[in-house]
Amino acid sequence: MDSRKHYLSAIAAFVTWGFFSIPLRALKEFSAGEILYFRILFSSIVLLIVVFGFKRNDIRKDLAFLKSFAPGKRRNVILLTLAGGALLTVNWLTFIYIVNHINIKTASFSYLICPVITAVLGYVLIQEKMTTLQWIAVVLCTLSCVVMGMNSALELGYSFLTAVTYALYLISQRKNQGFDRMIILGIQVLFSFVILNIFYSQLINQIPSSAKFYGLIMAIAVIFTVLPLFLNLFALNRINSATIGILMYINPLINFTVAFVVFGETVNAIQLTGYFIILIALVLFNYPTVRLAFGGKARMV
């Protein structure tokens, strides 16, 4: 069957996320906590409408599936789902803070190193296999991080936190299979909203009254949160996760372009060296997948 619409859906999702920094920067006068709180609130409302409006049969199937587990496994599923919501909360808060209070290229670097960190954590936590080329890429990625840390340890720290939280989220969800992804996401976003309410006084100094704020937040919730997640989930019905991982690089590449072209950010010699090293690392890391994607026979070394 023709998979072009699935590829187009994946590309559309990552292109959309690539431009996410533009509406975020338009909200720079507001704190990261305020932006995240109302983004999660509006996203929760949209997801509740979607889940209860279109997925009631899937809810019943997922509940029956969960009840079929032994108590210990059922508890693990619930914990992994809620842990995913907590990891997304930290990841989204950190990303918003980096874009609006540090720079966009630091946020972009996070998602360049994220697949490599995900592979290493997958090897350590769930015994996933890695090739020799991928281990070489890990060494180069580490070298790139050292170089970037020489420029700014703070920026590297924020990049690493963003990458690690999303990598742990991906790994936790790999172990949480068999359930409707959109329903799981809805539960995680609702749990994120619960967490944010616990820290409400630290996140919200004053409830925003600007119509511009709520208009942009609604756009972020629908266009930059729920819609690309729908497109990504649709793509995963036909495209394997390895190919999705390759297409994922569209996001940080567009982010870098936006940083330099729209917001006039610059790079120095140290940063340029770090980016060059990570580029080599990513080529090596993804070489087997790219060869397979284009019909070649990748030799696992």
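The values are calculated or read from the model by the stated rules, or taken from the named source; none is laboratory data. Just so it is clear, the structure is predicted and the values come from calculations on it, not from any experiment. Because the Cβ atoms are built from the backbone with ideal geometry, glycine has one as well, and the counts that use them run over all protein chains shown. The accessibility values were calculated without ligands, DNA or RNA, using every heavy atom of the protein model including side chains. Shrake-Rupley method; radii C 1.70, N 1.55, O 1.52, S 1.80 Å.
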Mind checking which pairs have a first residue in the stretch 261-285 that is within 17 Å of Tyr111 (Cβ to Cβ) and part of a helix (DSSP H, G or I) and a second that is at pLDDT below 90 and open to solvent by less than 80 Å² (accessible area, probe 1.4 Å), Cβ under 6 Å, 6 or more apart or different chains?
Gln271/Asn151; Ile278/Leu112; Ala281/Ala137; Phe285/Val116; Phe285/Gln134; Phe285/Ala137
Need the failing condition index for Ile207 against (1) aliphatic (A, V, I, L, M); (2) in contact with a helix residue (DSSP H, G or I) (Cβ under 7 Å, 6 or more places away or on another chain); (3) closer than 21 Å to Leu24 by Cα, just the number.
(2)
Being open to solvent by less than 40 Å² (accessible area, probe 1.4 Å), closer than 20 Å to Ile244 by Cβ and assigned to a helix (DSSP H, G or I) is the requirement here; does Ile113 meet it?
yes
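Give the residue that is nearest to the chain's Cα centre (by Cα), with candidates limited to residues of the stretch 67-79 that are under 15 Å from Gln177 (Cα atoms) and open to solvent by less than 40 Å² (accessible area, probe 1.4 Å).
Step one: filter the stretch 67-79 for residues under 15 Å from Gln177 (Cα atoms), giving 67-69, 73-79.
Now drop any that are not open to solvent by less than 40 Å² (accessible area, probe 1.4 Å), which leaves 69, 77.
Working: Phe69: 29, Val77: 21 Å.
By that ranking, first place goes to Val77.
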Counting only residues in the stretch 116-137 that are among the hydroxyl-bearing types (Ser, Thr, Tyr) and surrounded by fewer than 16 Cβ atoms within 10 Å (Cβ to Cβ), the one modelled with the highest pLDDT is identified as Thr132
Residue count, the stretch 217-259 (criterion: modelled with pLDDT of 90 or more, open to solvent by less than 40 Å² (accessible area, probe 1.4 Å) and closer than 17 Å to Leu41 by Cβ)
5
Please go through the stretch 166-185 and give me each residue that is at pLDDT 85 or above and in a helix (DSSP H, G or I), ordered by number.
Tyr166, Ala167, Leu168, Tyr169, Met182, Ile183, Ile184, Leu185
